[in-house]
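Here's the structure we're looking at; comments come further down.
The values are calculated or read from the model by the stated rules, or taken from the named source; none is laboratory data. All values derive from a computational prediction rather than experimental measurement. Cβ: placed from backbone, ideal geometry, glycine included. Neighbour counts: every protein chain shown. The area values use the complete protein model at the heavy-atom level, side chains included, leaving out ligands, DNA and RNA. Shrake-Rupley method; radii C 1.70, N 1.55, O 1.52, S 1.80 Å.
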Amino acid sequence: MSELEELNVLDVIDMKARYILKEDIDLDDRVINIRGAITSKLLDKFNRSLTLLESLNSDGITVMIHSPGGEVYSAFAIIDRIQNSKCLVTTVGTGLVASAAIPILASGHIRKATRNVTMMYHEPSFNIPFDRLTSAEIETKHVKQLGQRLNKFMAESTN
């Protein structure tokens, strides 16, 4: 008897429950949760979850967002992934959707917000140590370019 044949229904349910809790994904309702700070770790988790749901079928996927924001480059990667998904992706803002989470919300093919969501958007920022003043000018210019890029994306996504 193979390992798969030895698994009983309770083992499969237990494995599914552990996966759902670990990845913050609802396989039955096709919901991915983005909770907490936008980081490269969250990006990796999001990519795994979206890829899994896309591989199951082409039904729509809902991305629930409750995040204070975070890394702008990870946000851009999530945006690209949503916009290039094989499935129709609905993004839903709930709780707090701020900073880098706002353009993620705007990237959905369908965009929604719950009644009590709080949203906050600002230009990107970096913490620049004072002992690196020469590079501060370069980083400041880059931050302004990122801000223009985000503002253009938001304008196009929200009309």
Going through the stretch 113-141 in order, the residues found to be open to solvent by 70 Å² or more (accessible area, probe 1.4 Å), at pLDDT below 75 and within 23 Å of Asp80 (Cβ to Cβ) are Glu123, Ser125, Phe126
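Look through the stretch 87-111, keep the residues that are small (Gly, Ala, Ser) and not in a strand (DSSP E or B), and return whichever of them is nearest to Ser67 (Cα to Cα). Steps first, please.
Kept after step one, since they are small (Gly, Ala, Ser), are these residues of the stretch 87-111: 93, 95, 98-101, 106-108.
Now drop any that are not not in a strand (DSSP E or B), which leaves 99-101, 106-108.
Numbers: Ser99: 9, Ala100: 9, Ala101: 6, Ala106: 14, Ser107: 15, Gly108: 16 Å.
It comes out as Ala101.
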In the stretch 59-75, anything modelled with pLDDT of 95 or more and either assigned to a strand (DSSP E or B) or over 10 Å from Ile38 (Cα atoms) (or both) is listed as Asp59, Gly60, Ile61, Thr62, Val63, Met64, Ile65, His66, Ser67
Of the candidates Leu27, Leu42, Leu88, Leu105, the one satisfying the condition of being surrounded by 13 or more Cβ atoms within 10 Å (Cβ to Cβ) and modelled with pLDDT under 95 is Leu27
